[in-house]
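The structure under discussion appears below in the form of structure tokens.
Derivation of every value follows stated rules applied to the coordinates shown; laboratory data play no part. A quick note: this is a predicted structure, and the numbers were derived from the prediction, not measured. Note that we place each Cβ from the backbone using ideal geometry, even for glycine, and neighbour counts take in every protein chain shown.
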Amino acid sequence: MRRTTTRGLVSTLAAAALVTAGIAVPMSMASAQTGSATGFASQNGGTTGGEGGRTVQASTGTEIHRALCERADSSTPIIIEVQGTIDHGNTSKVSGDSCDTADDVIELKNISNVTIVGTGGGAVFDELGIHIRGSSNIIIQNVTVQNVKKSGSPTSNGGDAIGMESDVRNVWVDHVTLQASGGESDGYDALFDMKNNTQYVTLSYSILRDSGRGGLVGSSESDRSNGYVTYHHNLYENIDSRTPLLRGGVGHTYNNHFVGIQKSGINSRAGASVQVDHNYFEDSKDVLGTFYTNERGSWEVNGNIFDNVTWSSEGDENYPAGPDPRSNTSVNIPYSYELDDAGCVPEVLAQTAGAGTGNRVSDGNCEAQDPDPTDPTDPEPTDPDPTDPDPTDPEPTDPPDGTNLSAGAGADGSSKASGTSYGNVIDGDMGTYWSPSGSTGRISVKWDSDTAVSSINIREAAGAEGNIGSWRVVDHDSGEVLATGSGAGVIAFDTVSLRKIDFEVTGSNGTPRVAEFETYAGS
């Protein structure tokens, strides 16, 4: 029997909830180059940055350039620990045989084997972008890059927070915060761009927010030489589009949290393919598909949650994957990785993503399930444990004791998909069902007079078992939330007298199909 409480975290983050890659450090600090590259950055020989090289400190952009220029040659490994604010006033060109720098941008051009890591009180690149061009084996970790403009004043790096182009290989960007203060009309471009033959890149445990554009892979429909890029454990928040936009190549996005995506999210186009695993999409629009072109891409989807996601209709240059996202390709991922349950992702990232979090990571073993049944806040403390071997323990769809009160009642809802009906959930026929017009929605049972109800039984249609993700049960007239949880089955709560009861699907793993919404006075 499923419990009716909100999903909890069972195995959350390693080492007493959190583990820091490499060595243990206080939350306010990070040691240089902690951990090892993950995702596609671990391929093609791996990404080690300045490992084994000299460590230097820098508190200005000019000092970063000088550290690069004072190496024996352009491939001599170096770790540059950065602290303080790097801006236009302290970033100038430095010349040397081992570097090629410029004013008003951190220029990593035609070099290799470099780590830039924020330490101490933090490193903020303010209105100043990081440009990687013709370079390889680069690590950027634990820094904030903010408000980089392409128009207005001052400008830097074409408006990209971090931009890569021209035969770039093996870049790992980890635990960074990339943010703007608006879109293109406000003078900003993108947060994380890759173009002109950039490959083997990973963006992990980072925050991208408050921007018109998240980032692209390929600058035009003909720029298809990029790819082999992994995005994992990142928070995308309040972004219009491009989370990311992929043209050609292969992408992998897993355990990311997308919230407030305004126009479009993962945009696979121009022959690109992307594997989309265990992400949490919330309060967003058109989070996956091919958009703004008729040159389509493809995707493989596994274990994602779509929480209050809306979808536009398919049309010219607009091919959303929803409202029932299904795989239309198979993507080969050559590296190993551990997946947290999608339901864990918001909480995991709240503790690990972005600069200043101590480079903490998840152990990849988080499972979203019901809390400890001994928890005094659990509304069903006497309900048997799901693993209870008692042979009398009912199956999730076994009805409670008593008469199904939905028989003879009425039904309505928030929307209904073509070919379905609200009344199908109260007709006693498992062959008919209701589906919302999107991936979430409300279905209600109602009576002409007050009716005592203490449990419901949500029965999914054949072939749709497991599609219902998170939900709420609500007294429609008072707005009181009676229960929350995930998955279909029997849901019990304190007896309440009401005239209309709502079952709200707030997240799903496919199109919800409710065959029967049974209501009972007994538990």
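What are the equivalent ellipsoid semi-axes of region 416-523, built from the alpha-carbon gyration tensor (square roots of five times its eigenvalues), in whole angstrom, biggest first?
That gives 21, 14, 13 Å for the three semi-axes.
Alpha carbon centre of region 194-223 versus region 239-291: separation in Å?
Taking the Cα centre of region 239-291 as reference, the centre of region 194-223 is 11 Å away.
Where the convex hull is taken over the Cα atoms of region 170-290, what is its projected area averaged over directions, in nm²?
6.3
What share of Cα pairs, in percent, lie more than 25 angstrom apart in region 36-167?
18
Can you quote the Å³ per residue value for the convex hull of the Cα atoms in region 433-483, rounded to an integer?
Values: hull volume 5.9 nm³, N = 51.
Enclosed volume per residue, from the Cα hull, is 115 Å³.
If R₀ is 41 angstrom, what is the calculated FRET efficiency for the pair residue 414 and residue 332, using the beta carbon separation as r and rounding to 0.05?
0.55
Can you tell me which lysines have their Cα less than 23 Å from the Cα of residue 150? Leave out same-chain residues fewer than eight positions away.
Reachable lysines: 93, 109, 195, 263.
Count the net charge of all other residues whose Cβ sits under 9 Å from the Cβ of residue 291, scoring Lys and Arg as +1 and Asp and Glu as -1.
0
How about residue 500: which lysines have a C-alpha closer than 25 Å to its C-alpha, ignoring those fewer than 8 places off in the same chain?
Here the lysines satisfying the reach criterion relative to residue 500 are 416, 446.
Please give me the summed charge of the neighbours of residue 479: other residues whose Cβ is under 12 Å from its Cβ, Lys and Arg +1, Asp and Glu -1.
Counting the neighbours of residue 479, the net charge comes to -3.
Filter the GluC sites (Glu not before Pro) in region 245-327 to those in DSSP coil with at most 12 other Cβ atoms within 10 Å of their Cβ, and list the result.
Numbers: sites: 282, 295, 300, 314, 317; in loops: 295, 314, 317.
Passing sites in region 245-327 are 314, 317.
Across 10 Å bins from 0, what is the distribution of all Cα-Cα pair distances for the chain, in whole percents?
Taking every Cα pair in the chain, the percentages come to 4, 18, 26, 21, 15, 10, 5, 1, 0.
Find, among the GluC sites (Glu not before Pro) in region 441-523, those assigned to loop by DSSP (not H, G, I, E, B) with at most 13 other beta-carbon atoms within 10 angstrom.
Numbers: sites: 460, 465, 480, 504, 516, 518; in loops: 465, 480.
Here the GluC sites (Glu not before Pro) that fit, given the DSSP loop and packing criteria, are 480.
Report relative contact order for region 48-97 in percent, whole number only (criteria: Cα-Cα under 8 Å, sequence separation at least 6).
Reported as a whole number, the value is 49 percent.
Relative to 2.2 N^0.38 Å, what does the C-alpha radius of gyration of region 139-200 come to as a ratio? Two decimals please.
Computed over Cα atoms of region 139-200, the ratio equals 1.14.
Hey, what do the phi angles of region 153-168 turn into as Karplus ³J(HN,Hα) couplings, whole Hz, using 6.51/-1.76/1.60 and θ = phi - 60°, x for Gly and Pro?
Values per residue, Gly and Pro as x: 8, x, 10, 7, 6, x, x, 8, 4, 10, x, 10, 6, 6, 6, 7 Hz.
What does the charge add up to near residue 508, with Lys and Arg as +1, Asp and Glu as -1, over the other residues with Cβ less than 12 Å from its Cβ?
Once all neighbours under 12 Å are counted, the net charge is -3.
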